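Everything on this sheet refers to the single structure shown next.
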Amino acid sequence: MAVTNLKLNNGQQIPQIGLGTWLIKDESECKKAIKVALEAGYRHFDTAQYYANEQFVGVAIKESNIKRQDIFITTKISIDNFLPSRVIPSFEKSLEKLQTDYVDLLLLHFPVTKLRHTAWKKLEEIHRSGRAKSIGVSNYTIRHLKKLLNECEVKPAVNQVEIHVFLQQPKLLDYCKQNDIVVEAYSPLVHGRSMNNETLMAIAKKHNKSTAQIMLRWCVEQDLVVLPKSSNPGRIKENIQIFDFRLDDIDRTTLAQLDDNYHSSWDPTYVP
């Protein structure tokens, strides 16, 4: 079962599923999750300065003996480090913790009103140095993206936002597609909300899959990169087994009706 890749606007490839590591702060738990994920076929790992686990991710990948070029690593600049004097030094600390001399993707974690413009300039500088193959943003709305696209020298390759069957954000997806920005879906399983939803369960039964796999497959068929977070070995393995089936037109029409604009995490809608 091969994981598909998407092509970014700078020619780089990104695996369409990655292991999210938010809230996995225990060293042994994090390292075990990475090990299980690698054995299951994951090659994409999503961390952040804010997650306080970059060092564990780095050790686990190093111990795997898998070639660095075969792993896709994402980290994010914490809002505490958006000051121009802190972006690059904090990123260099992230590289040390991750035990690598580059990341595949570096994101600004949130559209901090007064600092995001200068922070982006620093990301462009890092990108030019070759220490971040691609750069992007997280939690940006259309309004934030429009402003960035008017100001930037390097176009963001990615916008990582909360997207799932209960928060489908079609206008944002259309805007990003029009501007050749790949969207990554975090919290695609909504922290376990509505796993017993009757609609999801019916579609899951039809395909002999779990409700989680249906939710993840929906994301993949929207051309999203999906980032399910788990430290449970069984769920880690199950979550990647979504590339051997397809939803049909009836499924897609039915799932579209589940959208109720439900935010389970940060809602950046009203950030200036």
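Does Phe82 count as under 30 Å from Ile203 (Cβ atoms) and not basic (Lys, Arg)?
No; evaluated as a whole, the condition is false for this residue.
Return a yes/no flag: does region 54-64 have any residue that is under 24 Å from Val271 (Cα atoms) and open to solvent by less than 30 Å² (accessible area, probe 1.4 Å).
Within region 54-64, the first condition is being under 24 Å from Val271 (Cα atoms), and the residues that meet it are none.
There is no residue in region 54-64 that is under 24 Å from Val271 (Cα atoms) and open to solvent by less than 30 Å² (accessible area, probe 1.4 Å).
With respect to the numbered conditions (1) surrounded by fewer than 17 Cβ atoms within 10 Å (Cβ to Cβ); (2) in contact (Cβ under 8 Å) with a residue 40 or more places away in the chain; (3) in contact with a Lys or Arg (Cβ under 8 Å, 6 or more places away or on another chain), which one is the sole condition not fulfilled by Phe245?
(2)
Being farther than 17 Å from Ser78 by Cβ and of a type in the set (S, T, N, Q) is the filter; apply it to region 114-136 and report the residue that is most open to solvent (accessible area, probe 1.4 Å).
Ser129
Look at region 182-208 and say how many of its residues are loosely packed, with under 13 Cβ neighbours inside 10 Å and modelled with pLDDT of 95 or more. Walk me through how you get there before you give the answer.
The first filter runs over region 182-208 and keeps only residues loosely packed, with under 13 Cβ neighbours inside 10 Å, leaving 191-192, 196, 198, 205, 208.
Filter again for modelled with pLDDT of 95 or more, leaving 198, 205, 208.
Qualifying residue count for the region: 3.
Residues that are without any contact (Cβ under 8 Å) to a residue 12 or more places away in the chain and closer than 26 Å to His117 by Cα: find the helices (runs of 4 or more DSSP H) completely inside region 128-227 holding 2 or more of those.
142-151, 170-178
Can Ile242 be described as out of contact with any strand residue (DSSP E or B) (no Cβ under 6 Å at 6 or more places or on another chain) and in a helix (DSSP H, G or I)?
Against the criterion (out of contact with any strand residue (DSSP E or B) (no Cβ under 6 Å at 6 or more places or on another chain) and in a helix (DSSP H, G or I)), Ile242 does not qualify.
The values are calculated or read from the model by the stated rules, or taken from the named source; none is laboratory data. Keep in mind the model is a prediction, meaning the values are calculated, not measured. Counting neighbours? That spans all protein chains shown, and the Cβs are built from the backbone with ideal geometry, glycine included. Remember, those area values only see protein heavy atoms, side chains included, never the ligands or the DNA or RNA. Shrake-Rupley method; radii C 1.70, N 1.55, O 1.52, S 1.80 Å.
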